[in-house]
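Below is one structure, written out as structure tokens, with a few remarks after it.
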């Protein structure tokens, strides 16, 4: 993957399920998440954060190596990435959405975020191989 051009990497990242998604998950993802019930308000917040992230980083989907963390912990991580605190509601989401300035596709910050996502995909893959007993 590291030898791919940025567009190919971005297409690869964009095919990954969004954080908090409960449909269209792989069998291993379903197993990992089955024991972790998530309150509806956290799932709603994750949907909002995914939308804000994808507005800020066009063509990318937020990826992180969850490694046993709860969706609430991932929500906090995403809020930090976007500079959003925990005390906002629907109106704040709409305002934040309007205020987010998209990062230039292919620019330094966008490439940095793409590389971070690719690194985390590698961590996810290694963890999955360990789970399967391959490593």
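The values are calculated or read from the model by the stated rules, or taken from the named source; none is laboratory data. Please read these numbers as outputs of a predicted model, since none were measured by experiment. Here the Cβ positions follow ideal geometry from the backbone for every residue, glycine too, while neighbour counts run over all protein chains shown.
Considering (1) free of Cβ contacts under 8 Å to residues at least 24 places away in the same chain; (2) within 15 Å of the chain's Cα centre (by Cα); (3) closer than 15 Å to residue 10 by Cα, the lone condition that residue 61 does not fulfil carries the number (1). Among the criteria (1) at pLDDT below 90; (2) more than 16 Å from residue 17 (Cα to Cα), the one residue 129 does not fulfil is (1). Yes or no: residue 64 modelled with pLDDT of 90 or more, at negative phi and in contact with a helix residue (DSSP H, G or I) (Cβ under 9 Å, 6 or more places away or on another chain)? When the stated conditions are applied, residue 64 passes them.
Matching residues to (1) in contact with a helix residue (DSSP H, G or I) (Cβ under 7 Å, 6 or more places away or on another chain); (2) touching a residue at least 60 places away in the same chain (Cβ under 8 Å); (3) closer than 30 Å to residue 5 by Cβ:
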| site | (1), (2), (3) |
| --- | --- |
| 48 | yes, no, no |
| 57 | yes, no, yes |
| 92 | no, no, no |
| 101 | no, no, yes |
| 116 | no, no, yes |
| 129 | no, no, yes |
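Is there a residue in the stretch 20-34 that is outside any loop (DSSP other than H, G, I, E, B), surrounded by 11 or more Cβ atoms within 10 Å (Cβ to Cβ), touching a helix residue (DSSP H, G or I) at 6+ places or on another chain (Cβ under 9 Å) and modelled with pLDDT of 90 or more? For the stretch 20-34, residues outside any loop (DSSP other than H, G, I, E, B), surrounded by 11 or more Cβ atoms within 10 Å (Cβ to Cβ), touching a helix residue (DSSP H, G or I) at 6+ places or on another chain (Cβ under 9 Å) and modelled with pLDDT of 90 or more: absent.
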